[in-house]
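The values are calculated or read from the model by the stated rules, or taken from the named source; none is laboratory data. As the structure is a computational prediction, the values presented were derived from the model and not from experiment. No Cβ is skipped: glycine too gets one built from the backbone with ideal geometry, and neighbour counts run over all protein chains shown.
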Amino acid sequence: MLIIGISGQTGAGKSTTANILSELGYGENLEVDAVGHELLTDTNTKSVLVEKFGKEIIDPSGEVDRKILGRKVFSNEENTLILNNIMHPAMVKKIGDYIGKRKKQGINSIIINAALLFTMKLDLLCNKLIYVQSDPQLRLNRLIQYRSLPEDRAKERLFAQDKLPENRKDIIIIENNGNESELKANITKIAKQFL
């Protein structure tokens, strides 16, 4: 099974890269963030999060308010570590189970799109690795423009995700400082190596 892992810091273009690869026929785009969001609806996960971060992270409908949780977590390194220790093991298990299930169904490729691919050790599940990088100012502009984040919050998130691991020869680096059609042309060329 071809398992492509994609990482890079926020605003670099991980999801766009994963979507392009998926459109090119290299598997479905498994967004690790979506797996995390799904876990936030789990009763046990919610109670642990409330215990660690307070009742104010729960909205009036009884669900985790991701914006409030995000503000508490991204502004404090210790809180980020606490959240990761709660969420990551469960997310990795869910992803491993999902890959196993898809393999049994005869699916022969999948894309794992994760901001913390290396931190979570999801790279160990992959046989191809891509790191998308982009100029920090460009990433900041994308976060403000496309995700409607205020500049101060966008700056908090700018370097909160996986940096490019050092001394790894197995990672394909994609520079994404241009437009989407340039990115697609670059990815199309790189993806031919996967066949």
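Summary table below
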{"quantity": "Whichever residue in segment 20-33 is aliphatic (A, V, I, L, M) and more than 16 Å from GLY96 (Cβ to Cβ) and, among such residues, is surrounded by the fewest Cβ atoms within 10 Å (Cβ to Cβ)", "calculated": "LEU24"}
{"quantity": "Test set (1) touching a Leu at 6+ places or on another chain (Cβ under 7 Å); (2) under 22 Å from LYS192 (Cα atoms); (3) buried (at least 20 other Cβ atoms within 10 Å of the Cβ) - VAL73 fails condition number", "calculated": "(2)"}
{"quantity": "Test: residue in segment 54-68 that is over 15 Å from the mean Cα position of the chain (by Cα), in a helix (DSSP H, G or I), closer than 24 Å to ASP135 by Cβ and not acidic (Asp, Glu)", "calculated": "no"}
{"quantity": "Every residue from segment 106-126 that is under 14 Å from ILE4 (Cβ atoms), assigned to a loop (DSSP other than H, G, I, E, B) and touching a helix residue (DSSP H, G or I) at 6+ places or on another chain (Cβ under 8 Å)", "calculated": "ALA114, LEU117"}
{"quantity": "Selected residue (criterion: nearest to ASP135 (Cα to Cα)) from residues of segment 12-53 that are touching a Ser or Thr at 6+ places or on another chain (Cβ under 7 Å) and in a loop (DSSP other than H, G, I, E, B)", "calculated": "ALA12"}
{"quantity": "Lone unmet requirement of (1) buried (at least 19 other Cβ atoms within 10 Å of the Cβ); (2) at pLDDT 80 or above; (3) out of contact with any His (no Cβ under 8 Å at 6 or more places or on another chain) for LEU116", "calculated": "(3)"}
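Results for (1) out of contact with any strand residue (DSSP E or B) (no Cβ under 8 Å at 6 or more places or on another chain); (2) assigned to a helix (DSSP H, G or I); (3) at pLDDT below 80; (4) basic (Lys, Arg), shown as yes or no for each residue.
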site: ARG142; (1), (2), (3), (4): yes, yes, yes, yes
site: SER148; (1), (2), (3), (4): yes, no, yes, no
site: ASP162; (1), (2), (3), (4): no, no, yes, no
site: ILE174; (1), (2), (3), (4): no, no, no, no
site: LYS184; (1), (2), (3), (4): yes, yes, no, yes
site: THR188; (1), (2), (3), (4): yes, yes, no, no
site: ALA191; (1), (2), (3), (4): yes, yes, no, no
